[in-house]
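Trainee: Mind looking over this structure? Questions follow.
The values are calculated or read from the model by the stated rules, or taken from the named source; none is laboratory data. Everything numeric in this text was worked out from a predicted model, so none of it was measured. Positions of Cβ are backbone-derived with ideal geometry, glycine not excepted, and every protein chain shown enters the neighbour counts.
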Amino acid sequence: MSKFLRTGFIAIALTFVLSVLTVSETSAQRTSEALKRMDAHFKALKSLKADVKMEKYNKQVTETDVYTGAIKYVPKSVNGKMYIRIDWEKPVEERMAVVGNEYLIYRVKQQQVYAGKTSGAKNNANASNALAFMSMSRKELADNFTYRDLGTETVAGGTQTIHLELTPKTAANYKMAHLWVDSNGMPVMIRIVENNDDTMTLLLSNLKKNEKLDGRDFTIDYPKSIKPIR
């Protein structure tokens, strides 16, 4: 092999190695910046109101159910409990509240109420798993998850985000989570991948942050004649 060819191959190899290192460094820097912004956002967020769209994909039957509604949220950093209320309007009217690890769901058309612990929920109360990521500090994320940067992406509505993949370090009731984090450190889209590969994706829009909310905002009224199913 001529000296010229050997030199050419060496140059190509060096270029490839340097490009890989540059991409890896850029990815690490981007991940670090996203986590830094999330931590700052976590510390500054006192409440949130937003429109919400949820897509639940069932892998076994390859079907996706789509729900739309509005959400109210107070992170656990405020008083030790996380408060969530979601008022689903489509495809059916449904009211859901999560306070700490307790949930209550009122299905208006069926006139049914369900209540229990979020750890045992097999319904829309699992949305709390997704929203819990907005209540985690950078240290909590690092302690509980390994993460991978999947690059920059634009989510529905045109918001530019960094896409992070998080895998629990210990056994959990889901195998993986995906976060799409905007420039303010807000996870505007969150996907939970269940252990059976079903997925639930929440997309938040029309965000209103740090407006006053109190306990009444998370109280669901329903006819007292209905006995909750636990």
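Trainee: Do you know which residues across the stretch 145-161 are closer than 11 Å to Met189 by Cβ and assigned to a loop (DSSP other than H, G, I, E, B)?
Mentor: Ala156, Gly157
Trainee: Can you tell me which condition Glu140 does not meet? The list is (1) out of contact with any helix residue (DSSP H, G or I) (no Cβ under 8 Å at 6 or more places or on another chain); (2) at negative phi; (3) modelled with pLDDT of 90 or more; (4) not aliphatic (A, V, I, L, M), and all the others hold.
Mentor: Among (1) out of contact with any helix residue (DSSP H, G or I) (no Cβ under 8 Å at 6 or more places or on another chain); (2) at negative phi; (3) modelled with pLDDT of 90 or more; (4) not aliphatic (A, V, I, L, M), Glu140 violates only (3).
For every residue, the table says whether it meets (1) of a type in the set (Phe, Trp, Tyr); (2) out of contact with any Asp or Glu (no Cβ under 8 Å at 6 or more places or on another chain); (3) at pLDDT 90 or above.
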{"position": "Gly157", "(1), (2), (3)": "no, yes, no"}
{"position": "Ala171", "(1), (2), (3)": "no, yes, no"}
{"position": "Trp180", "(1), (2), (3)": "yes, no, yes"}
{"position": "Ile190", "(1), (2), (3)": "no, yes, yes"}
{"position": "Asp197", "(1), (2), (3)": "no, yes, yes"}
{"position": "Lys212", "(1), (2), (3)": "no, yes, yes"}
{"position": "Thr219", "(1), (2), (3)": "no, yes, yes"}
{"position": "Pro228", "(1), (2), (3)": "no, yes, yes"}
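Trainee: Looking for something part of a loop (DSSP other than H, G, I, E, B), surrounded by 15 or more Cβ atoms within 10 Å (Cβ to Cβ) and of a type outside the set (A, V, I, L, M, F, W, C) - is there at least one such residue anywhere in the stretch 215-225?
Mentor: yes
Trainee: Just give me the residues in the stretch 108-131 being touching a Lys or Arg at 6+ places or on another chain (Cβ under 8 Å) and either of a type outside the set (Ser, Thr, Tyr) or at pLDDT below 85 (or both), in sequence order.
Mentor: If the condition is that a residue be touching a Lys or Arg at 6+ places or on another chain (Cβ under 8 Å) and either of a type outside the set (Ser, Thr, Tyr) or at pLDDT below 85 (or both), then Val108, Val113, Ala115, Gly116, Ala130 are the ones that fit.
Trainee: What's the total number of residues in the stretch 59-82 that are in a strand (DSSP E or B), out of contact with any Asp or Glu (no Cβ under 8 Å at 6 or more places or on another chain) and under 29 Å from Asp143 (Cα atoms)?
Mentor: 2
Trainee: Still on this structure: So which of Lys43, Lys56, Lys36 ends up being of a type in the set (Lys, Arg), more than 23 Å from Glu165 (Cβ to Cβ) and either at pLDDT below 90 or part of a strand (DSSP E or B) (or both)?
Mentor: Values: Lys56 fails: more than 23 Å from Glu165 (Cβ to Cβ); Lys36 fails: more than 23 Å from Glu165 (Cβ to Cβ).
Criteria check complete, one pass: Lys43.
Trainee: Taking the stretch 82-96 only, how many residues are at pLDDT below 90 and in contact with a strand residue (DSSP E or B) (Cβ under 6 Å, 6 or more places away or on another chain)?
Mentor: Here the count works out to 2.
Let's see how each residue does on (1) touching a residue at least 12 places away in the same chain (Cβ under 8 Å); (2) within 26 Å of Tyr83 (Cβ to Cβ):
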site: Ile162; (1), (2): yes, no
site: Leu179; (1), (2): yes, yes
site: Met186; (1), (2): yes, yes
site: Ile190; (1), (2): yes, yes
site: Thr199; (1), (2): yes, yes
site: Ser205; (1), (2): yes, yes
site: Asp214; (1), (2): no, yes
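Trainee: Answer yes if at least one residue in the stretch 136-153 is in contact (Cβ under 8 Å) with a residue 12 or more places away in the chain, of a type outside the set (Val, Ile, Thr), within 24 Å of Asp65 (Cβ to Cβ) and touching a Gly at 6+ places or on another chain (Cβ under 7 Å), and no otherwise.
Mentor: Within the stretch 136-153 (the criterion being in contact (Cβ under 8 Å) with a residue 12 or more places away in the chain, of a type outside the set (Val, Ile, Thr), within 24 Å of Asp65 (Cβ to Cβ) and touching a Gly at 6+ places or on another chain (Cβ under 7 Å)), the answer is no, since none of the residues qualifies.
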